[in-house]
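The structure under discussion appears below in the form of structure tokens.
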Amino acid sequence: MSQPSTGIDCAHCPAACCRLEVWCLTETGVPEAFMRADPRGGTVMARLDDGWCIALDRQTLLCRIYEQRPLVCRELRVGSPECLAEHREFTESIPWHHNSSRFPRPRTPCCG
Ligand code: SF4
Ligand code: SF4
């Protein structure tokens, strides 16, 4: 998925939005092992020490539970304020990602 007006393209993004906090607000079939209780109440997707969601395949940068992903993930759109903010912050803070051999991603991006 791409957003020509912004130049942002999921296929060339290091799944930046999969580092955001993701609340599991509805039942979509996310495996229990991928969720954790949040101290403020409710349930969120667990993240590993590298900052990415536990469900992200680290090699392909694709969502391993795409069909069961939380509503929040389904609703986030490329080019949205959340996308642009996270993309900018992440790619600027870790510039080596621009040259990583992991990009471009050849298949369907993680987001909807
Ligand atoms: S929606 Fe997510 S993967 Fe796509 S460009 Fe934005 S931050 Fe990157
Ligand atoms: S799209 Fe998948 S990998 Fe990305 S935050 Fe959502 S559940 Fe995690």
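Nothing in this text is a laboratory measurement; each read-out follows from the coordinates by a stated rule. Predicted model, so just to flag it, every value in this text is computed and none were measured. Every residue, glycine among them, receives a Cβ derived from its backbone with ideal geometry; neighbour counts consider all protein chains shown.
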Segment 2-99: relative contact order in percent, alpha carbon pairs under 8 Å with at least 6 residues between: 33
Local electrostatic count at PRO31 - Lys and Arg +1, Asp and Glu -1, tallied over other residues with Cβ under 13 Å: 0
Least to most buried among MET45, MET35 (fewest other Cβ within 10 Å first): MET35, MET45
Local net charge near VAL44, Cβ-Cβ under 12 Å (Lys/Arg +1, Asp/Glu -1): +1
Placed amide H near MET35: partners under 5 Å, 5+ positions off or other chain: ALA46
Where N is the number of residues in segment 2-99, Cα Rg divided by 2.2 N^0.38 Å: 1.08
LEU62 long-range amide H proximity, modeled H, under 5 Å: ASP57
Per-residue ³J(HN,Hα) for segment 33-44, Karplus 6.51 cos²θ - 1.76 cosθ + 1.60, θ = phi - 60°, Hz, x for Gly and Pro: 5, 8, 10, 9, 6, 9, x, 7, x, x, 10, 10
Long-range HN-HN contacts of ILE8 with modeled amide H, under 5 Å: GLN3
Ranked list, fewest to most other Cβ atoms within 10 Å of each Cβ, for ARG19, ARG88: ARG88, ARG19
Segment 57-66 - phi-based ³J(HN,Hα) in whole Hz, Karplus 6.51/-1.76/1.60, Gly and Pro as x: 6, 5, 8, 9, 6, 10, 6, 7, 10, 3
